[in-house]
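The values are calculated or read from the model by the stated rules, or taken from the named source; none is laboratory data. If you're wondering where the values come from, they're calculated on a predicted model, not measured in any experiment. Heads up, the Cβs are rebuilt from the backbone with ideal geometry, glycines too, and the neighbour counts pull from every protein chain shown. Just so you know, the surface numbers come from the protein's heavy atoms only, side chains and all, with ligands and any DNA or RNA stripped out. Shrake-Rupley method; radii C 1.70, N 1.55, O 1.52, S 1.80 Å.
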Amino acid sequence: MAKSIQSLERAAAMLRLLAGGERRLGLSDIASSLELAKGTAHGILRTLQAEGFVEQDPASGRYQLGAELLRLGTGYLDVHELRARALVWTDDLARSSGESVHVGVAHQHGVLIVHHVFRPDDSRQVLEVGAMQPLHSTALGKVLAAYDPVAHTEALEAEREAFTSRTVTGPAEFEAVLDLTRARGWAADVEETWEGVAAVAAPIHDRRRMPVGAVAITGGVERVCEGRELRSELVAAVRECARSVSRDLGAGRF
């Protein structure tokens, strides 16, 4: 039998303690409950805090589970339920829009494509499920960064590469894009990631009203846009698809 790693065992015990007891616990409470020296407990907490698994209340100094751990804990269920609920609605969206449809979730400082419906024509296309897209330039990424606090932090802290001359990279300008996304409920990518390609995306929420993903239409600029503006009927269709998936996930009406 493989030998266990003591530090990992202690970290796991600490997370279970925070998950099962009071909402917040102080260092002394944690150390006493786990029979650890305060210095040892503090070192583990600092590591967990740096990884986003634990958060410390600045006023009281007490600790609680962090957003990253909560997202990881529900991620498997959310992604699989999200894909199942999105199947019919995304098929309908691809058929009515004539464009490809992607569903993405925040993952490892980017956007993971978990579902892809091909454009309904005879063109050669490549399945993109499992592909990663950037948070800062894609329509899916902007939606996730606007509504998911963890994705927002990741997008701001990352180096925002300029893929084209239209990519927004400055922190203030990027925050303004996210503010606009939240204000209107959707995000655009008009040749910010790939030349000649445009996309529009809207957020998907679950029964807790938490953002669990986003859905987007992607296609050639000449089809998706009128001039440099996204076609209003496509924006409306993407938003309605996102609302429909959200309702099926128990979010109610938005």
Go through (1) modelled with pLDDT under 95; (2) farther than 22 Å from HIS152 by Cα; (3) part of a helix (DSSP H, G or I); (4) not β-branched (Val, Ile, Thr) and name the single condition SER246 misses.
(2)
Looking at region 132-153 only, could you name the residues that are touching a Gly at 6+ places or on another chain (Cβ under 7 Å) and not in a helix (DSSP H, G or I)?
MET132, GLN133, PRO134, LEU135
Looking at (1) of a type outside the set (Gly, Ala, Ser); (2) modelled with pLDDT of 95 or more; (3) touching a Gly at 6+ places or on another chain (Cβ under 9 Å), find the lone condition where GLU173 falls short.
(3)
Need pairs with beta-carbon distance below 8 Å; first residue under 18 Å from ARG160 (Cα atoms) and within region 122-140, second open to solvent by 50 Å² or more (accessible area, probe 1.4 Å) and among the β-branched types (Val, Ile, Thr); sequence gap 6+ or separate chains.
HIS136/THR169
For residues that are modelled with pLDDT under 90 and of a type in the set (Asp, Glu), scanning just region 32-62, find the one that is farthest from MET14 (Cα to Cα).
ASP57
Looking at VAL150, VAL190, VAL224, which is the one that is within 22 Å of VAL105 (Cβ to Cβ) and either of a type in the set (D, E, K, R) or open to solvent by less than 70 Å² (accessible area, probe 1.4 Å) (or both)?
VAL150
Filtering region 72-99 down to residues that are open to solvent by less than 80 Å² (accessible area, probe 1.4 Å) and more than 26 Å from ARG231 (Cα to Cα), which residue is modelled with the lowest pLDDT?
THR74
Between a first residue in region 177-198 that is in contact (Cβ under 8 Å) with a residue 24 or more places away in the chain and over 21 Å from LEU156 (Cβ atoms) and a second residue that is open to solvent by 40 Å² or more (accessible area, probe 1.4 Å) and part of a loop (DSSP other than H, G, I, E, B), which pairs have beta carbons less than 6 Å apart while being 6 or more apart in sequence or on different chains?
GLU191/ARG166
Answer from ALA216, ALA242, ALA198 - the residue that is touching a helix residue (DSSP H, G or I) at 6+ places or on another chain (Cβ under 8 Å), under 16 Å from ALA106 (Cβ atoms) and crowded, with 17+ Cβ neighbours inside 10 Å
ALA216
Within region 8-28, can you find the residues that are over 14 Å from VAL54 (Cβ atoms) and at pLDDT 90 or above?
SER28
